Amino acid sequence: MTHLVAMNPYLRDWLSLLVRWLHVIAAIGWIGSSFYFVHLDQSLRFPADVADREAGVGGELWEVHGGGFYHVQKYRVAPRELPDHIAWFKWEAYATWLSGFFLLVILYWLDARSYLIDTSVADIGPWTAVGISAGLLVLAWVAYDVLCRLLGGRELVLAAAIVGGTALAAWGNGRLFSPRAAWLETGAMLGTIMAGSVLFNIIPAHWELIRAKEAGRDPDPAPGLEAKRRSVHNNYLTLPVLVTMLAGHFTFLTGRDHAWLILLVLMLVGAWVRHFYNLRHGGKTHWWMLGAAAAAVTVLAVVLIPDGGSTVPSTAADIAAGKVVFAANCTVCHTLANAGSTGAVGPNLDAVKPAASLVVDRVTNGFGGMPPFAGKLTATQIQAVAAYVSTVAGR
Ligand code: HEC
């Protein structure tokens with residue numbers, strides 16, 4: 001399997017496309033229902049009808065959507081009689097995690113040498129790297145679960161602990177994995193916390209409600225309240241996880257010094273924006289909060305403006321340095337007469353005669369079957385190899 005997927009870029013591309021498609025759809029379903037239900041909870045009004053109140057309804061909401069009116073009621077704990085048909089919301093979460101995990105395996109674990117590891121960051125073997133990557137997912141869930149238990153009722157302290165833990169994870173991952181993998185791993189850890197809450201906490205709490213009703217007991221409200229607490233945490237994690245997954249594709253961020261700090265700022269902005277909406281749906285709109293988020297991103301963008309230097313050097317010394325970089329990194333896959341290489345995994349560079357800017361782009365970001373070298377090679381090395389290839393190709 002390793003061999004098949006690592007060696008067959010065509011198959012890998014198909015798998016990657018289809019599983020990404022599934023992952024994005026499932027995540028839209030999951031995050032969409034998280035947004036919806038937290039919005040609903042924040043908007044509930046005291047029930048108008050006395051009979052409803054006596055029946056245990058704690059809040060209700062009228063909604064208009066899709067050409068009709070909906071009247072939704074939330075019971076304080078459970079209705080007197082269990083209805084025959086109840087809709088559950090769990091496969092969105094499971095499908096998101098499972099497809100995400102599968103992507104992690106086919107993209108990063110099966111080709112750990114190219115994608116997960118960066119020997120200039122940490123010289124670890126593929127199995128070690130995969131083991132650490134898997135272990136961190138488990139560790140994230142366990143740490144979060146323990147913190148929730150220890151810090152019952154102290155949500156602000158818990159939030160600070162989660163931010164601290166996330167910062168530590170982002171920093172640590174940046175010292176273990178390639179820049180892109182480091183961001184993805186951090187997002188995957190948070191995603192695992194979210195899915196873990198659904199699997200081990202929220203869904204079991206719902207079963208407890210149902211079993212109690214079926215046994216004719218009064219359900220214990222505690223598990224339901226804990227489930228609600230964790231689903232609110234999940235709601236705050238949605239935007240941070242999404243930005244991690246998306247921003248990991250941008251080397252202008254992941255390839256920077258202190259990339260973990262950039263990631264942390266983006267995640268905090270995401271949680272903050274989520275908070276704005278949760279307050280707004282509860283009837284308190286603070287536009288300045290969105291302004292503050294926009295200001296934070298602007299400041300970040302200004303701080304990170306690249307310092308010019310993007311012209312490709314082409315002195316004889318640069319070209320000579322580029323030849324060395326090419327010999328060490330590119331000959332296995334590419335044919336280039338000047339380097340005496342006959343690799344046939346990628347295009348024959350003598351035939352392609354790529355411009356320096358194309359080489360910089362492909363080497364930095366990778367493309368199709370070509371792995372990215374950002375992080376593995378320095379910007380200077382990439383420019384040198386680009387100068388070399390663009391000068392000698394076809395000659
Ligand atoms: C693991 C194999 C592999 C390695 C190592 C590799 N490449 Fe590639 N390279 C590819 C493949 C495959 C493609 C074609 C990608 C596609 O278009 O889908 C490619 C494409 C390219 C292209 C773009 C060609 C075009 O016309 O689209 C350039 C330029 C290039 N590689 C340069 C390099 C340089 C320079 C290095 C060394 C730093 C390197 N490659 C290392 C496999 C590799």
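None of the figures in this text is laboratory data; all of them are computed from the coordinates on show. Fair warning: this is a prediction, and the values are worked out from it, not measured in the lab. Quick reminder, even Gly has a Cβ in these numbers, built from the backbone with ideal geometry, and neighbours come from all protein chains shown.
Mind checking the dipole of the chain: about its Cα centre, +1 per Lys or Arg Cβ, -1 per Asp or Glu Cβ, Debye to the nearest 20?
Using only the charged Cβ atoms, the result is roughly 380 debye.
Note the angle between two axes, namely the Cα long axis of helix 356-365 and the longest principal axis of the Cα atoms of the chain, as a number of degrees from 0 to 90, rounded to the nearest 10.
40 degrees
In the chain, with Lys and Arg counted as +1 and Asp and Glu as -1 at Cβ, which of these residues, Gly368, Trp91, Val57, has the Cα nearest the positive end of the dipole, that is, farthest along it?
Final value for the positive-end residue is Gly368.
Based on the Cα atoms of segment 347-395, what semi-axes does the equivalent ellipsoid have, where each is the square root of 5 times one gyration tensor eigenvalue, given in whole Å with the largest first?
18, 13, 7
Mean separation of Cα pairs under 8 Å and 6+ residues apart, divided by the residue count of the chain: what relative contact order is that in percent?
Averaging sequence separation for qualifying contacts and normalising by length gives 15 percent for the chain.
Please list, by residue number, every one of the trypsin sites (Lys or Arg not before Pro) in segment 91-185 that is coil in DSSP and has at most 15 other beta-carbon atoms within 10 Å.
Of the trypsin sites (Lys or Arg not before Pro), the ones in loops of segment 91-185 whose Cβ has at most 15 other Cβ atoms within 10 Å are Arg154.
To the nearest 500 deg cm²/dmol, what mean residue ellipticity at 222 nm is calculated for the chain from DSSP H runs of n ≥ 4 alone, each contributing -39,500 (n - 2.57), summed and divided by the residues?
-21000 deg cm²/dmol
Looking only at chymotrypsin sites (Phe, Trp or Tyr not before Pro) in DSSP loops with at most 16 other Cβ atoms within 10 Å, what is the longest site-free stretch of the chain?
Longest site-free region, per DSSP loop and neighbour criteria: 89-249.
Quick check: the angle from helix 9-43's long axis to the longest principal axis of the chain, C-alpha only, nearest 10 degrees?
Compared with the principal axis, the helix lies near 30 degrees.
Let's test the formula: R0 of 45 Å, r as the Cβ-Cβ distance of Arg113 and Leu82. What FRET efficiency results, to the nearest 0.05?
The pair Arg113/Leu82 has a calculated efficiency of 0.25.
Using the 2.2 N^0.38 Å rule of thumb for compact globular proteins, work out how segment 226-348 stacks up: its C-alpha Rg over that value, please.
Ratio of Cα Rg to 2.2 N^0.38 Å: 1.67.
Going by how many other Cβ atoms sit within 10 Å of their own, how do His249, His23 line up, fewest first?
Going from sparsest to densest Cβ surroundings: His249, His23.
Tell me which of Gly196, Phe37, Thr166 sits at the most positive position along the dipole axis of the chain, charges placed on C-beta atoms (Lys, Arg +1; Asp, Glu -1).
Result: Thr166, furthest along the dipole toward the positive end.
About its Cα centre, how strong a charge dipole does segment 110-303 have in debye, to the nearest 20, once Lys and Arg get +1 and Asp and Glu get -1 at the Cβ?
In total the dipole reaches around 460 debye.
I need the Debye-formula profile for the chain: one equal scatterer per C-alpha, no solvent, reported as log10 I(q)/I(0) at q = 0.09 1/Å, two decimals.
Results for the chain at q = 0.09 Å⁻¹ read -0.66.
Report, in degrees rounded to the nearest 10, the 0 to 90 angle that the Cα long axis of helix 91-103 makes with the longest principal axis of the chain.
With both axes taken from Cα atoms, the answer is about 10 degrees.
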